[in-house]
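The values are calculated or read from the model by the stated rules, or taken from the named source; none is laboratory data. Note that the structure is predicted; figures quoted are calculated from it, not measured. We place every Cβ from the backbone using ideal geometry, glycine too, and count neighbours over all the protein chains shown. These area figures cover heavy atoms from the full protein model, side chains too; ligands, DNA and RNA do not enter into them. Shrake-Rupley method; radii C 1.70, N 1.55, O 1.52, S 1.80 Å.
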Amino acid sequence: MRWNAKYHFDPPKVLVGGFAFIIFIGSILLTLPIATNDGKGLPWLDALFTATSATCVTGLVVVDTGTTFTLFGQLVILLLIQVGGLGFMTFATFFAFLLGKRISLKERLLLQESLNNLTIEGIVRLVKRILIFTVMIEFIGAILLAIRFSFDMPLLKALYFGLFHAISNFNNAGFDIMGEFRSFTSYVEDPVVTLVVCTLIILGGIGFIVMNEVYEYRETRRLSLHAKIAVFTSLLLVVLSTLVIFLLELNNPKTLQPLSPLGKFLGSLFQAVTPRTAGSNTLNIPDLTQPTLFLMIFLMFVGASPGSTGGGIKTTTFATLLGAVWSQIKGKEDVTFFKQRIVYDTIYKALTVTFSGLFIVITVTMLLTITESGKDFLMILFEATSAFGTVGLSMGLTTELSSIGKVIIILTMFAGRLGPLTIAYAVTLRRKPDPFRYPKGKIMIG
């Protein structure tokens with residue numbers, strides 16, 4: 001379906017253009033003298049990097065957010081995070097509600113694309129609930145964090161810190177204003193901060209569609225196949241990753257070894273949850289063992305669930321591929337989950353998304369090995385995957401990137417937030433069905 005008969009605009013083009021415009025405006029604001037404590041504003045490339053990272057809810061930073069920016073600069077970043085996390089179309093719809101405007105069919109189609117929903121049916125109602133869910137979750141998270149922070153800082157500062165970190169982590173952005181790039185490392189054994197932030201990350205990454213289905217469960221008494229797979233895969237990845245990280249880091253004197261039994265569990269849990277595109281951390285990332293770092297690369301690549309604030313190839317994509325492999329091993333023709341068959345179009349799309357993601361990560365890693373020569377390969381691979389998955393975790397490379405390296409990471413974060421398929425659809429000509437089908441051919445695999 002054409003988006004505009006005159007200009008041939010379609011939803012992917014509008015989404016790409018909209019995100020680019022928001023990043024551009026954010027970059028200009030961060031270059032203003034009022035945005036930084038030194039009164040000079042950020043250099044243009046650093047401002048563009050920061051605005052892209054915030055809008056794409058990544059969290060990679062070239063300057064320390066807590067010490068570099070004024071309140072104005074931090075609020076600009078916070079607004080970019082909120083708009084980027086929910087999607088600019090969700091915000092546009094919110095303002096349309098306030099003005100009493102009717103949501104047109106074109107706008108509903110764009111919302112469908114933005115939220116990665118299967119249908120436009122009930123899309124406006126879903127947006128209303130997304131706004132309500134977001135306000136409620138961020139408010140509760142902000143209050144709980146503010147209460148805990150109030151023991152360490154003045155009340156007004158604690159309230160602001162609670163609000164900033166609740167919004168940042170629910171939107172899976174990973175920006176923090178603790179200062180000196182330390183994130184939540186001073187709260188590694190604190191159950192309140194750890195559990196509240198982990199909950200915010202998980203809720204933001206599970207997907208608004210799933211959240212809405214869970215809310216309606218009391219009436220419908222059913223969950224869709226999508227919701228079941230998203231919840232089950234997310235839960236499985238968190239539980240298994242927590243256990244593996246605990247075992248890998250248990251005897252590491254720089255991470256878990258000095259901590260109490262509760263601290264060991266909380267540290268393992270947080271590092272298992274945060275690679276799901278969040279970017280906050282309670283353990284120093286460079287101090288982790290190589291097996292743990294490689295596991296986190298895998299988790300960052302998988303990412304969150306569709307229709308969420310997170311990135312990556314998504315949990316449902318990963319589950320679909322595993323299901324296809326298992327079906328081949330078992331000699332079955334169909335891929336099934338919870339007694340339902342997955343159509344081949346979905347499997348093809350999962351393969352395309354995964355291969356596109358791998359291609360981006362491999363290409364970016366190769367380019368960074370050229371532009372950032374002399375850096376450790378694992379550090380570069382970690383950075384590339386973090387940017388693609390819009391995670392924000394880093395082994396320390398971000399602040400040392402060359403100008404070309406910053407541009408590469410900017411483009412990677414942008415592609416990771418919108419998704420490789422959306423980018424591809426936006427830059428290609430209008431898609432047309434094949435006028436005919438070629439005869440079948442056979443090749444040998446494996």
Check whether at least one residue in segment 188-202 is β-branched (Val, Ile, Thr) and outside any helix (DSSP H, G or I), and report yes or no.
-> yes
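Among the hydroxyl-bearing types (Ser, Thr, Tyr), modelled with pLDDT of 95 or more and either open to solvent by less than 30 Å² (accessible area, probe 1.4 Å) or over 20 Å from Phe414 (Cβ atoms) (or both): does that describe Thr55? So that I can check it myself, show each step before the final result.
Numbers: among the hydroxyl-bearing types (Ser, Thr, Tyr): yes; modelled with pLDDT of 95 or more: no; either open to solvent by less than 30 Å² (accessible area, probe 1.4 Å) or over 20 Å from Phe414 (Cβ atoms) (or both): yes.
No; evaluated as a whole, the condition is false for this residue.
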If the Cβ limit is 7 Å and pairs must be 6+ apart or interchain, which residue in segment 147-163 that is closer than 18 Å to Phe175 by Cβ pairs with which residue that is surrounded by 14 or more Cβ atoms within 10 Å (Cβ to Cβ) and polar (S, T, N, Q)?
-> Ala158/Ser150
Taking segment 103-149 and keeping residues modelled with pLDDT of 65 or more, open to solvent by less than 30 Å² (accessible area, probe 1.4 Å) and part of a loop (DSSP other than H, G, I, E, B) leaves Gly122
Check segment 218-236 and report whether any residue there is open to solvent by 60 Å² or more (accessible area, probe 1.4 Å), at positive phi and modelled with pLDDT under 90.
-> yes
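For segment 317-333, how many residues meet the condition of being over 18 Å from Phe388 (Cα atoms) and open to solvent by less than 60 Å² (accessible area, probe 1.4 Å)? Step through it out loud before you land on a result.
First, the residues of segment 317-333 that are over 18 Å from Phe388 (Cα atoms): 319-333.
In the following step, the residues that additionally are open to solvent by less than 60 Å² (accessible area, probe 1.4 Å) were identified as 319-321, 323-324, 327.
The qualifying residues number 6.
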Within segment 384-400, identify whether any single residue is in contact with a Cys (Cβ under 7 Å, 6 or more places away or on another chain), closer than 21 Å to Ser183 by Cβ and surrounded by 21 or more Cβ atoms within 10 Å (Cβ to Cβ), and answer yes or no.
-> yes
Among the numbered conditions (1) closer than 21 Å to Asn169 by Cβ; (2) without any contact (Cβ under 8 Å) to a residue 40 or more places away in the chain; (3) not acidic (Asp, Glu), tell me where Thr220 comes up short.
-> (1)
Give me the pairs: first residue in segment 124-135 and more than 12 Å from Glu213 (Cα to Cα), second residue assigned to a helix (DSSP H, G or I), beta-carbon distance under 6 Å, and six or more apart or on different chains, which are they?
-> Val127/Thr90; Val127/Thr93; Leu131/Phe94; Phe133/Met211
Failed condition for Phe170, given (1) touching a Leu at 6+ places or on another chain (Cβ under 9 Å); (2) at pLDDT below 90; (3) within 30 Å of Pro261 (Cα to Cα); (4) of a type outside the set (A, V, I, L, M) = (2)
Looking at (1) at pLDDT below 95; (2) loosely packed, with under 15 Cβ neighbours inside 10 Å; (3) under 20 Å from the mean Cα position of the chain (by Cα), which is the one condition that is false for Leu203?
-> (2)
Test set (1) surrounded by 20 or more Cβ atoms within 10 Å (Cβ to Cβ); (2) within 14 Å of Val391 (Cβ to Cβ) - Phe298 fails condition number | (1)
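Per-residue answers, yes or no, for (1) within 29 Å of Leu378 (Cα to Cα); (2) basic (Lys, Arg):
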{"site": "Pro261", "(1), (2)": "no, no"}
{"site": "Arg276", "(1), (2)": "yes, yes"}
{"site": "Leu322", "(1), (2)": "yes, no"}
{"site": "Gly331", "(1), (2)": "no, no"}
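Quick grid of which residues meet (1) in contact (Cβ under 8 Å) with a residue 40 or more places away in the chain; (2) out of contact with any helix residue (DSSP H, G or I) (no Cβ under 6 Å at 6 or more places or on another chain); (3) within 16 Å of Phe170 (Cβ to Cβ):
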position	(1), (2), (3)
Arg276	yes, no, yes
Asn281	yes, yes, no
Asp287	no, yes, no
Gln290	yes, yes, no
Val302	yes, no, no
Ser308	yes, no, yes
Gly312	yes, no, no
Ala319	yes, no, no
Answer yes if at least one residue in segment 362-370 is surrounded by 13 or more Cβ atoms within 10 Å (Cβ to Cβ), outside any helix (DSSP H, G or I), over 19 Å from the mean Cα position of the chain (by Cα) and not β-branched (Val, Ile, Thr), and no otherwise.
-> no
Pick from Ser373, Ser394: which is in a loop (DSSP other than H, G, I, E, B) and either in contact with a His (Cβ under 9 Å, 6 or more places away or on another chain) or at pLDDT below 90 (or both)?
-> Ser373
